[in-house]
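Colleague: The structure under discussion is supplied below as structure tokens; questions concerning it will follow.
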Amino acid sequence: MGKQILLINDLPGYGKVALAAMLPILSQMGHHVFNLPTALVSNTLDYGKFDILETTEYLSNTIRVWDELGFSFDAVSTGFIVSERQAELVADYCRTCKERGSIVFVDPIMGDEGKLYNGITEKTVEHMRKLIGASDYMVPNYTEAAYLAGVEYRPQGISKGEAQMLVDRLRTQGAGSVVITSAKVEGQDTVIVWDRDSMVLEFLPFEMLPVRFPGTGDIFSALFMGRILSGVSLRASTQYAMDVTKKLIELSRDLPDKYKGIPIEGMLEVLQP
């Protein structure tokens with residue numbers, strides 16, 4: 001039985017990232033998917049030129065209308081947040097949804113490779129910390145986890161002990177289960193998984209492919225969330241998301257324009273478990 005999922009993320013006009021990547025995946029997995037765009041983005045940012053229309057006013061008004069209509073969701077997932085005001089609004093809404101029984105997934109999209117994205121400030125990081133306090137599952141990459149935890153980003157990688165400390169810092173901020181992608185642990189590319197229920201920390205190794213597509217983090221998040229909401233364990237959901245994301249990258253690696261992202265609609269059969 002599919003769940004009712006609300007995705008709060010940006011919507012690109014050109015390119016398969018954010019909502020454009022997540023909607024077809026979660027629909028294919030049998031869920032009922034709704035969306036609340038945080039911004040309309042002309043195209044993926046990789047092209048170097050882009051326009052972003054922030055939708056904070058629309059977002060605020062929509063939440064009010066939905067509350068009046070009594071809409072509710074089994075799960076809420078947050079992605080790209082454009083401004084501090086938006087971060088505050090979304091954090092408040094997630095807390096309200098959680099009180100009503102929703103499961104909250106937070107993908108704190110803020111940066112990569114040790115740096116924050118353009119327009120993301122320390123103030124936004126602070127608001128994102130409030131958001132992870134409402135999360136049942138958070139899926140940062142290593143850069144985002146380091147910023148949120150207030151620890152130094154180490155380009156050379158971290159030890160298992162440092163990974164434990166990183167997870168502990170996120171837990172003290174109220175995070176639920178934690179999945180940290182794009183980490184290097186003791187020299188190995190690794191996804192770090194901490195399960196709130198079993199209190200177990202695990203390290204799932206992966207092979208970094210020598211090709212880059214925008215939107216692979218959104219694809220991973222959607223696959224992970226789709227499995228969790230179908231009752232699959234945290235470790236198995238993470239491994240599934242890793243395996244399918246890798247397969248999609250492999251199938252797309254020869255595409256001439258990688259800035260478009262992965263053309264997900266033509267590859268949905270890969271999602272079969």
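Colleague: Look at residue 80 and say whether it is within 14 Å of residue 128 (Cβ to Cβ), open to solvent by 10 Å² or more (accessible area, probe 1.4 Å) and either touching a strand residue (DSSP E or B) at 6+ places or on another chain (Cβ under 7 Å) or modelled with pLDDT of 95 or more (or both).
Modeller: So residue 80 fits the description; yes.
Colleague: So for region 138-151 (the condition being free of Cβ contacts under 8 Å to residues at least 60 places away in the same chain, crowded, with 16+ Cβ neighbours inside 10 Å, over 18 Å from the mean Cα position of the chain (by Cα) and farther than 30 Å from residue 263 by Cα), does at least one residue qualify?
Modeller: no
Colleague: Return the residues of region 1-59 that are closer than 23 Å to residue 258 by Cα, touching a Ser or Thr at 6+ places or on another chain (Cβ under 9 Å) and surrounded by fewer than 19 Cβ atoms within 10 Å (Cβ to Cβ); say none if nothing qualifies.
Modeller: 13, 14, 40, 49, 50, 51, 52
Colleague: Give region 164-220 a look and list any residue that's crowded, with 17+ Cβ neighbours inside 10 Å and under 20 Å from residue 258 (Cα atoms), or say none.
Modeller: If the condition is that a residue be crowded, with 17+ Cβ neighbours inside 10 Å and under 20 Å from residue 258 (Cα atoms), then 182, 213, 214, 215, 216, 217, 218, 219, 220 are the ones that fit.
Colleague: On to the next question. What's the number of the condition residue 161 fails, among (1) open to solvent by 10 Å² or more (accessible area, probe 1.4 Å); (2) within 24 Å of residue 39 (Cα to Cα)?
Modeller: Failing condition for residue 161: (2).
Colleague: Can you tell me which residues in region 42-92 are farther than 21 Å from residue 12 by Cα and assigned to a loop (DSSP other than H, G, I, E, B)?
Modeller: 70, 71, 72, 73, 74
Colleague: Restricting attention to region 32-85, which residues are under 16 Å from residue 17 (Cβ atoms) and among the aromatic types (Phe, Trp, Tyr)?
Modeller: Result: 47, 50, 80.
The values are calculated or read from the model by the stated rules, or taken from the named source; none is laboratory data. Everything numeric in this text was worked out from a predicted model, so none of it was measured. Positions of Cβ are backbone-derived with ideal geometry, glycine not excepted, and every protein chain shown enters the neighbour counts. Ligands, DNA and RNA are stripped out before the accessible areas are found, and what is left, the full protein with its side chains, is counted by its heavy atoms. Shrake-Rupley method; radii C 1.70, N 1.55, O 1.52, S 1.80 Å.
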